[in-house]
Amino acid sequence: MSDAPTQLLINGELRDAAAGATFATFDPARGAELARVAQAGADDVDAAVTAARSAFDGAWAKTSPAKRARALNRLAQLLDEQTDALAELESRNSGKPKWQCVAEIKVAVATLELFAGTAQHLYGRSHVVNPSVVAYTLREPIGVVGAIIPWNYPLMMAAWKVAPALATGNTLILKPASATPLTAIRLGELALEAGIPPGVLNIVPGPGTEVGEAMASHPGIDKIAFTGETATGRRIAEVAAKSLKRVSLELGGKSPNIVFADADIDAAVIGSLWAIYYSAGQSCEARSRLLVQDEVYEAFASAFAEKAKALKVGDPLADDTKVGSLISRKHADKVRGLVQAGLDEGGVLLAGGDLDLEGDLDSDAFVAPTLIGGVSNESRIAQEEVFGPVVTLTRFSDEAEAVRFANGVRYGLAATVWTADGARGHRVAQRIRSGAVGINTPFIAFPGVPFGGFKESGYGREQSLEALDLYTETKAVLQGTSAKPINPFGV
Ligand code: NAD
């Protein structure tokens, strides 16, 4: 069992749920209960809204941008100092290799620092409308924000919401995923330690269908920032529409990885392994469709399969583990079902299958790095988000076909293009309908670079100056400058 805090955090106090309910959260790699966590209900969301509203109107409104920046930088420093303990907790609760959790906490730290730097640069514009009116704009916080996040990058996703929301002067109610609530509660505690006033950041773990919906429909919440599945995002947008809340949505993906025959094949293989098997494929931007040009298809497939089979799968806490467990046995079953569907549709298993794990690990929660060859772009396995360590291989003959396949899904989050032809890399990048395209690199997300989706991958851009638009309203202030009193009615 873990000794991490397990209660709700409302108005600066750790407390039990009003109804006294709790739920279990697990160490999925071992199939063991890790902690019992207070389970918020609608009453607790009400209490969190009251606390967040009073902090928004009170202590946080009185905090200067410079002090907001200082508090966010202090929070970044505390996270940085506690990286090891936080990474261990995150790894145990998610099944993700600990070294990956360390890397993601570094991103969380950088994200807090990035937005701390924007707090004092929330500029409006000014202009002379005509000789008798001057106007300027103010960027004001939206108010009380509800953030609902998934389990695949728990602390990093929390930072992606907390940093821009608080830098711009909003207060926040954060609902972590039930599978991974522990580091979010700890983040709330550290925020208090960093000098962020009580009520500014409230944490309410609980089921999405109850707590998440209560947030999306709550009249006291002004905006929902959501990351998760496309179907959930659609539901949240519908519920939030009743009160015309602002909504930003970071949703699912089915991103392509295009390998042209002129590419550096060794680099493309290594980069493509990372692009799918990092976080056991449980990444929204996972490049889960390999599109490979005819001439190099066989050579690429065999080099990739050989390296995929060599990736060490196992204990998330071991330094040499490359692929940990999935978030749960249930999710691993779903992934295995989709792999079977891909094989039933005529795909060929080039890597993957049974695993032989050592120690006390629950092998049913793990899925071996899987490569399915001979897949048509229209098949179910090439169209549905698998959210596991599974990649398909599809042939293409020329650039036009590569672009058509790349765009031939309902998602549009990310893509990678591997080619030695610089002009082609940029040409293809312009034609792909997605929020980010890497040319000869698998890395498409960095603090400072806009991140978000086209099409059913959502709307809004995080991690960048664009994110400030997601958390502010623009107010126009107009001043009459005429020397004579105005009399538009001529009365
Ligand atoms: P999910 O949609 O099941 O859950 C996400 C969050 O929404 C959780 O906190 C959950 O409790 C809550 N929720 C569930 N039903 C709800 C409802 N009806 N109303 C309000 N809230 C509700 O997603 P998940 O399984 O936790 O995460 C995986 C998904 O997230 C994948 O589709 C992945 O692509 C996506 N994702 C997207 C990004 C991105 O930036 N685009 C990043 C990470 C993950």
**OP:** Please tell me if Ser279 is open to solvent by less than 60 Å² (accessible area, probe 1.4 Å), touching a residue at least 60 places away in the same chain (Cβ under 8 Å) and under 25 Å from Thr232 (Cα atoms).
**Re:** yes
Original post:
Wholly within the range 102-165, which strands (runs of 3 or more DSSP E) include no fewer than the required count, namely at least 3 residues that are out of contact with any Lys or Arg (no Cβ under 8 Å at 6 or more places or on another chain) and touching a residue at least 60 places away in the same chain (Cβ under 8 Å)?
Top reply: 133-141
Subject >> Residue in the range 190-207 that is at pLDDT 95 or above, near the ligand (Cβ under 7 Å from one of its atoms) and over 25 Å from Pro141 (Cβ atoms) present >> reply: yes
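Condition check ((1) farther than 20 Å from Val144 by Cβ; (2) in a helix (DSSP H, G or I); (3) modelled with pLDDT under 95; (4) within 10 Å of the ligand (Cβ to nearest atom)) across all residues:
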residue	(1), (2), (3), (4)
Val211	no, yes, no, yes
Ala214	no, yes, no, yes
Thr232	yes, yes, no, yes
Val239	no, yes, no, yes
Leu244	no, no, no, no
Ala280	yes, yes, no, no
Glu285	yes, no, no, yes
**OP:** Check off (1) open to solvent by 10 Å² or more (accessible area, probe 1.4 Å); (2) within 16 Å of the ligand (Cβ to nearest atom); (3) in contact with a strand residue (DSSP E or B) (Cβ under 8 Å, 6 or more places away or on another chain) for Glu384 and give me the number that stays unchecked.
**Re:** (3)
Original post:
Under the condition of being in contact with a Phe, Trp or Tyr (Cβ under 8 Å, 6 or more places away or on another chain) and open to solvent by less than 30 Å² (accessible area, probe 1.4 Å), which residue from the range 109-148 is nearest to the ligand (Cβ to nearest atom)?
Top reply: Ile148
Original post:
Which of the following residues is modelled with pLDDT of 95 or more and more than 24 Å from Asp362 (Cβ to Cβ): Ala29, Ala24, Ala17, Ala35?
Top reply: Ala17
Subject >> Leu190, sole failed condition from (1) within 17 Å of Gly460 (Cβ to Cβ); (2) open to solvent by less than 10 Å² (accessible area, probe 1.4 Å) >> reply: (1)
Original post:
Do you know which of the residues in the range 416-466 that are touching a Pro at 6+ places or on another chain (Cβ under 9 Å) and of a type in the set (D, E, K, R) is least open to solvent (accessible area, probe 1.4 Å)?
Top reply: Glu462
**OP:** Tally the residues that are surrounded by fewer than 23 Cβ atoms within 10 Å (Cβ to Cβ) and closer than 23 Å to Arg15 by Cα, restricting the search to the range 61-78.
**Re:** 1
Original post:
Yes or no: Phe446 touching a helix residue (DSSP H, G or I) at 6+ places or on another chain (Cβ under 9 Å), part of a loop (DSSP other than H, G, I, E, B), farther than 27 Å from Ala165 by Cα and at pLDDT 95 or above?
Top reply: no
Subject >> Condition broken by Thr481, with the remaining ones in (1) closer than 30 Å to Arg139 by Cβ; (2) surrounded by 15 or more Cβ atoms within 10 Å (Cβ to Cβ) satisfied >> reply: (2)
Subject >> Selection count where residues are among the acidic types (Asp, Glu) and under 21 Å from Ser178 (Cα atoms), scope the range 226-243 >> reply: 1
**OP:** Tell me which residues, restricted to the range 45-60, are under 21 Å from Gly208 (Cβ atoms), touching a Leu at 6+ places or on another chain (Cβ under 9 Å) and open to solvent by less than 10 Å² (accessible area, probe 1.4 Å).
**Re:** Ala48, Ala52
Original post:
Within the range 216-225, how many residues turn out to be open to solvent by less than 10 Å² (accessible area, probe 1.4 Å) and either assigned to a helix (DSSP H, G or I) or closer than 20 Å to Ala179 by Cα (or both)?
Top reply: 2
Original post:
Which one is surrounded by the fewest Cβ atoms within 10 Å (Cβ to Cβ), of the residues in the range 467-477 that are of a type in the set (A, V, I, L, M) and out of contact with any Phe, Trp or Tyr (no Cβ under 7 Å at 6 or more places or on another chain)?
Top reply: Ala476
Original post:
Does the range 446-462 contain at least one residue that is in contact with a strand residue (DSSP E or B) (Cβ under 8 Å, 6 or more places away or on another chain), within 23 Å of Ala263 (Cα to Cα) and near the ligand (Cβ under 10 Å from one of its atoms)?
Top reply: no
Original post:
In the range 288-300, how many are under 9 Å from Asn257 (Cβ atoms) and open to solvent by 10 Å² or more (accessible area, probe 1.4 Å)?
Top reply: 1
Subject >> Those residues of the range 338-366 which are without any contact (Cβ under 8 Å) to a residue 24 or more places away in the chain and within 16 Å of the ligand (Cβ to nearest atom), in sequence order >> reply: none
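The values are calculated or read from the model by the stated rules, or taken from the named source; none is laboratory data. Computed from a predicted model, the values in this text were never measured in an experiment. Note that we place each Cβ from the backbone using ideal geometry, even for glycine, and neighbour counts take in every protein chain shown. Surface areas here come from the heavy atoms of the whole protein model, side chains and all, with no ligands, DNA or RNA. Shrake-Rupley method; radii C 1.70, N 1.55, O 1.52, S 1.80 Å.
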